[in-house]
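This report concerns only the one structure given below.
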Amino acid sequence: MAPKYKTAKERYEARLQSKRAHYQRNKTIEQAKSRTRWRTHRHFDSDVVTLFSTLDKLSDELGYKSGVPEARIVQSRVSAVLQRIDDEGWTLLRPELDDAVIALLGLHERATKLYETAQQLGCKSVAGYHLLLKQSRELVDLMGRRLVVEREVISIIDDRGVEAYDQAMLTDSLSWHWQKL
């Protein structure tokens, strides 16, 4: 059987392409691993590194993507919900949105516990503590805003219908429109 690649350069280029493809498929996981290595290299306390790992997992479960503005993520979520309402109908999608709110409440509770745990570390002077405290507080706030958006979708559509929500989007009168895309 003939070799797949004829030269060492072809093998090298194929390997690089394979690595890039793997990284793109697993970008969020690879970024989390990189942050963990960085935190360990910076001599963060092992408790802080563990809490940061939990913070990364919660951010991932929320659907947060590093470098993507929050408003763009929210707009994408809302657009997908509105499209599904058009396709499937509000009565079929409403229970799913209730489940999404319950899931967000669970994530919010876990993030709040993480923040409280980070605050308890405050009695120690550990490397990375202030960064952990700041980022866990930001995650709690982010989850709170996402809950407001989910509840707002349900409330407006329940009370006034999809057209009212569309109109609110057009007039920038929704809670998340103040954020920059």
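The values are calculated or read from the model by the stated rules, or taken from the named source; none is laboratory data. Keep in mind that this is a model prediction, so the values were computed, not measured. Here Cβ is always computed from backbone atoms with ideal geometry, including for glycine, and neighbour counts include all displayed protein chains. Surface accessibility is based on the protein's heavy atoms, side chains included, excluding ligands, DNA and RNA. Shrake-Rupley method; radii C 1.70, N 1.55, O 1.52, S 1.80 Å.
Tabulated results
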{"item": "Paramagnetic reach from residue 141 in the stretch 151-177 [backbone N under 18 Å; point 7 Å along Cα→Cβ]", "result": "175-177"}
{"item": "Portion, in percent, of the accessible area of the stretch 1-159 that falls on carbon or sulfur, probe 1.4 Å", "result": "52 percent"}
{"item": "Rounded accessible area per residue of the stretch 37-181, 1.4 Å, Å²", "result": "58 Å²"}
{"item": "Alpha-carbon centroid distance for the pair the stretch 1-43 / the stretch 102-173, whole angstrom", "result": "34 Å"}
{"item": "Check: the chain dipole with +1 on Lys, Arg Cβ and -1 on Asp, Glu Cβ, in debye", "result": "1720 debye"}
{"item": "Approximate spin-label separation residue 53-residue 6, in nm, with each point projected 7 Å along Cα-to-Cβ", "result": "4.8 nm"}
{"item": "Longest DSSP-loop-exposure-free segment, trypsin sites (Lys or Arg not before Pro), the chain, at most 14 other Cβ within 10 Å", "result": "43-123"}
{"item": "Mean residue ellipticity (222 nm) of the chain, computed from DSSP H runs ≥ 4 via -39,500 (n - 2.57), nearest 500", "result": "-27000 deg cm²/dmol"}
{"item": "Qualifying lysines (Cα of each under 19 Å from Cα of residue 57; at least 8 residues distant if same chain)", "result": "27, 33, 65, 113, 134"}
{"item": "Farthest toward positive dipole pole in the stretch 71-175 [+1 Lys/Arg, -1 Asp/Glu at C-beta], among 143, 76, 118", "result": "118"}
{"item": "Dimensions in Å of the chain - Rg and Dmax from alpha carbons", "result": "21.5, 69"}
